[in-house]
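Take a look at the structure set out below.
The values are calculated or read from the model by the stated rules, or taken from the named source; none is laboratory data. Note that the coordinates shown come from a computational prediction; the quantities given were computed from them, not determined experimentally. Here the Cβ positions follow ideal geometry from the backbone for every residue, glycine too, while neighbour counts run over all protein chains shown. Heads up: the accessible areas ignore ligands, DNA and RNA and are worked out on the full protein's heavy atoms, side chains in. Shrake-Rupley method; radii C 1.70, N 1.55, O 1.52, S 1.80 Å.
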Amino acid sequence: MATEIHDAYDSVLILDFGSQYSHLITRRCREINVYCEMLPCTQKMADLDWKPKGIILSGSPFSVYDEGAPRVDPAVFDYGVPVLGVCYGLQEIALNHGGKVDPCTHREYGFATLEVVKLGAGHELADKLFEGICGEMQVWMSHGDQVTALPPHYNVIGKTPTAPYAAIAHESKPIFGVQFHAEVTHSPRGKEVIKSFVLSICKCKPNWTMETFIDKEIARIRQICGEKGRVIGAVSGGVDSSVAAKLMHEAIGDRFHAVMVDNGVLRENEAIQVHKMLFEDLGVNLTVVDASDRFLTKLEGVEDPEQKRKIIGNMFIHVFEEEAAKIEAAAEKELEENPKAEAKGKIEWLLQGTLYPDVIESISFKGPSATIKTHHNVGGLLKDMKLKLIEPLRELFKDEVRALGRLLGIPAHLVGRHPFPGPGLAIRILGPVTREQVKIAQKADTIYIDEIRRAGLYDQISQAFAVLLPVKAVGVQGDKRTYDQVVVLRAVQTEDFMTADWYVFPPEVLRRISSRITNEVAGVNRVTYDISSKPPGTVEWL
Ligand SMILES: Nc1ncnc2c1ncn2[C@@H]1O[C@H](COP(=O)(O)OP(=O)(O)OP(=O)(O)O)[C@@H](O)[C@H]1O
Ligand SMILES: O=c1[nH]c(=O)c2[nH+]cn([C@@H]3O[C@H](COP(=O)(O)O)[C@@H](O)[C@H]3O)c2[nH]1
Ligand SMILES: NC(=O)CC[C@H](N)C(=O)O
Ligand SMILES: [Mg+2]
């Protein structure tokens, strides 16, 4: 990670022990304009090439006494900066300092009332965590273990009727632990607790804003690319890569070459529309490479979703490397023909619009967090790829990227586009992908999205798409028996795509969509609507 960003901002380090809510801690810090970075709990402090002003230890699905449970590097406590442990983080602090943790007789999942304990004169530091909060506050718990013996030199600063050590603080050092999840919105005053830790205790300057992020990121890109370096960009017309491309264009102008790959599983007319949109709206000149035959041949007969992602992720990189070689060869030829022309640098970098959720869902941090699916641009990359990655948005969430896009002057219709996954219709066609299946899925999807737009609902929905099932059902059309496929409509509302709920459509819109799909798309005689949230489902079906 660039050290420049750490020179410019006071940063908080979040060590992730695999909790579902770890990412929310990063959000809460950025919301108070403090830059933070989350690293796996296996990070050794001695290997860190920047100096955080505070450290937060997340929760975890493990119990501290489990065999193989993730362990905090004890150097965290001697690093000389404040530490806050949340849930498992608190339990790790207790265990590391001579306290005890045991399974509790009253497990707490959900709301609890925390009684804040003020220690008073001589304990100003310990009392700072709940600065401005007196008496009781509602908190949200999710634990089956708890601290049963306080470590020496620690005091209780909060308790619940069943958890006597629900918040603790060292008597003189800035080390704190809370059993409740301060980062979730269901702990209404949790934000204040994180704010007290980050601002009053760690004394971080709240100077991280999107505007400064843009300036610093542009400077960072210029620095890594040098005077002549050139970058090839994987650009899909989606929100993330468009924002990344705009940033890159601002940084290095025409030394940036945007490439979109037609992988044969795009939406109908997508390549043409994206080419036009990128040039007209962003001033970015895009090369569209038609590699659809190669992708579809490789995908032949493949049913396993992870396999589909890997094939597509790998093939993407092959195509980008080939394009990079072509661009370099063209520059060499130009130089041969006109020796006075300026020599152009090598293409060493590949820009991707990777976001934080792509990373967290794809990578299992050796144990604690589970791999949900390997997003093609993270886990599906080619092992021995020559191009080095530049991923300016890797730390951000979707809504933050949209805010960044607006600041960069990207038009609303582009910033507001629903996400479309890189592996495209290959993960929306269940079963093997064939040209015929792609055509059916494209037609159904076009009708679905057209009707959503016509009803004025596009911006209320976070993501909508049609899924094509490989099963057949009996129907009757024009007095004839049909035996055709089933289309599933999916529409979700979500803030960050980590959790999502299904969208409640007005029935007449669903009726119109269903009737148009069954009338206009040959091979489909049934349309159903998916009413699963995430969890237990995911947004995509594969
Ligand atoms: N067809 C494509 N051609 C080139 N690059 C692609 C293509 N599809 C995806 N990518 C690359 O993979 C990255 C991840 O894809 P993803 O779909 O998550 O992001 P996006 O397409 O930029 O935005 P959105 O999430 O809004 O669809 C993209 O940012 C882009 O760098
Ligand atoms: O570029 C991508 N490559 C992938 O392999 C991939 N898998 C899921 N997604 C998108 O990620 C978001 C969350 O989706 P899931 O709930 O299905 O994991 C949704 O927006 C999905 O469309 C992908 N995007
Ligand atoms: N949310 C958590 O961090 C839980 C920690 C531990 N697994 C417990 O049940 O207490
Ligand atoms: Mg996309």
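Only one of ASP66, ASP47, ASP73, ASP78 is open to solvent by 40 Å² or more (accessible area, probe 1.4 Å), away from ligand 3 (no atom under 16 Å from the Cβ) and more than 23 Å from ILE5 (Cα to Cα); which?
ASP78
Among what's in the range 304-358 and is polar (S, T, N, Q) and more than 16 Å from ligand 1 (Cβ to nearest atom), pick the residue that is farthest from GLU227 (Cα to Cα).
Taking the range 304-358 first, the residues polar (S, T, N, Q) are 307, 314, 338, 352, 354.
Applying the additional criterion that residues be more than 16 Å from ligand 1 (Cβ to nearest atom) yields 307, 338.
On the way: GLN307: 40, ASN338: 21 Å.
Top of the filtered list is GLN307.
Looking at GLY301, is it out of contact with any Pro (no Cβ under 6 Å at 6 or more places or on another chain), not assigned by the TED database to the domain that holds TYR35 and not β-branched (Val, Ile, Thr)? Write out each step before concluding.
Numbers: out of contact with any Pro (no Cβ under 6 Å at 6 or more places or on another chain): no; not assigned by the TED database to the domain that holds TYR35: yes; not β-branched (Val, Ile, Thr): yes.
In short, no.
Among the residues of the range 100-125, write down those that are in a strand (DSSP E or B) and closer than 19 Å to SER196 by Cα.
Once the filter is applied, which keeps residues that are in a strand (DSSP E or B) and closer than 19 Å to SER196 by Cα, the range 100-125 yields LEU114, GLU115, VAL116.
Yes/no matrix, rows are residues, columns are (1) modelled with pLDDT under 90; (2) farther than 24 Å from VAL401 by Cβ:
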{"residue": "MET1", "(1), (2)": "yes, no"}
{"residue": "LEU13", "(1), (2)": "no, no"}
{"residue": "PHE17", "(1), (2)": "no, yes"}
{"residue": "TYR21", "(1), (2)": "yes, no"}
{"residue": "LYS51", "(1), (2)": "no, yes"}
{"residue": "SER60", "(1), (2)": "no, yes"}
{"residue": "PRO70", "(1), (2)": "no, yes"}
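How many of the residues in the range 323-340 are open to solvent by 40 Å² or more (accessible area, probe 1.4 Å) and of a type in the set (Gly, Ala, Ser)?
3
Conditions first: (1) assigned to a loop (DSSP other than H, G, I, E, B); (2) within 21 Å of the chain's Cα centre (by Cα). PRO432 passes all but one, so which condition is the exception?
Against the list (1) assigned to a loop (DSSP other than H, G, I, E, B); (2) within 21 Å of the chain's Cα centre (by Cα), PRO432 comes up short only on (2).
When both residues are 6+ apart or on different chains and their Cβ atoms are under 7 Å apart, which pairs have a first residue that lies in the range 399-426 and is without any contact (Cβ under 8 Å) to a residue 12 or more places away in the chain, and a second that is away from ligand 2 (no atom under 11 Å from the Cβ)?
ARG406/VAL415
Here's a check for you: in the range 129-179, which residue that is closer than 18 Å to SER58 by Cα and in a loop (DSSP other than H, G, I, E, B) is most open to solvent (accessible area, probe 1.4 Å)?
Among those that are closer than 18 Å to SER58 by Cα and in a loop (DSSP other than H, G, I, E, B), it is TYR165.
Taking ASP304 as meeting all but one of (1) at pLDDT 95 or above; (2) open to solvent by 20 Å² or more (accessible area, probe 1.4 Å); (3) closer than 19 Å to HIS257 by Cα, write down the number of the exception.
(3)
Please go through the range 389-404 and pick out each residue that is within 10 Å of ligand 1 (Cβ to nearest atom) and open to solvent by less than 30 Å² (accessible area, probe 1.4 Å).
Across the range 389-404, the qualifying residues are GLU391, LEU393, LYS398, VAL401.
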